[in-house]
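Bear in mind these aren't lab numbers, they're just calculated from the coordinates by the rules spelled out. Predicted, not measured: the structure shown is a model, and the values here were computed from it. Virtual Cβ from ideal backbone geometry, glycine too; neighbours counted across all protein chains shown.
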Amino acid sequence: MENVAKINFFVFDNYFILYDQELNRGFENQRNKIIKGKLSLHPEYDNIIKNDLNWYNELCAIRHTFIHFIAGMCVIDRKEEIVLKYLTYNLSYIELNEEVKIIRNIIEDIESFYNKTITFLNDISTIYLKNLDPRIMSHINILNDDYLEIREISLGDYLEGKTGKLLHKVPKNKTSS
């Protein structure tokens with residue numbers, strides 16, 4: 001998400017033209033300002049930030065708890081086969097004088113958060129692409145089986161399936177040096 005915040009500097013450059021203030025660098029800071037109505041980068045982007053990121057709060061809470069409060073140990077369960085587990089206790093509840101187990105299906109959580117992150121990135125990338133000038137030239141790297149190509153092409157031409165102008169071609173065995 002921090003990368004999204006940095007990309008916003010380049011994609012929403014009209015923010016700097018319309019408003020004489022600095023765009024905050026961190027995603028959380030940008031997000032909080034958009035939610036409070038103190039910042040608007042793009043109507044569609046703002047809508048996604050305000051309405052489609054409830055899952056992100058849970059993800060941040062899990063990360064925060066895991067990084068700051070969880071103590072755990074590796075456990076080997078030997079029933080019919082060896083199963084590796086991670087048993088955790090939340091130390092933030094230590095004042096309760098009891099052990100509070102946190103039981104989450106890590107695989108389901110990862111899959112869910114991954115899918116929601118990809119959906120978010122796809123949605124904002126569509127907004128980014130609409131906001132960029134498709135005529136501006138850029139350089140792209142294309143790695144083929146035997147060589148690396150560096151090409152100059154505009155976004156518009158790329159989206160039309162054109163290949164652009166070949167600037168440099170490097171044999172694959174020389175790309176690692």
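With a simple spin-label model that places each label point 7 Å from the Cα along the Cα-to-Cβ direction, the separation between residue 139 and residue 64 comes to 4.2 nm. If the chain linking residue 111 and residue 158 were pulled fully straight, counting 0.36 nm for each residue of separation and taking away their Cα-Cα distance, it would gain 13.8 nm.
Under a 5 Å amide H cut-off, with hydrogens placed 1.01 Å from N, residue 132 pairs with nothing among residues at least 5 apart or on other chains.
The 3J(HN,Hα) values that the Karplus relation (6.51, -1.76, 1.60; θ = phi - 60°) gives for region 38-45 are, in residue order, 8, 8, 9, 9, 6, x, 5, 4 Hz. Gly and Pro appear as x. Give me the net charge of residue 36's neighbourhood, meaning all other residues with Cβ under 12 Å from the Cβ of residue 36; Lys, Arg count +1, Asp, Glu -1. Value of the local net charge: +3.
Measuring between alpha carbons in the structure, the pairs from 6/50; 116/162; 6/130; 6/172 lying more than 23 angstrom apart are 116/162; 6/172. Stretching residue 29 away from residue 2 to a fully extended chain increases their span by 8.7 nm, per 0.36 nm per residue minus the current alpha-carbon distance.
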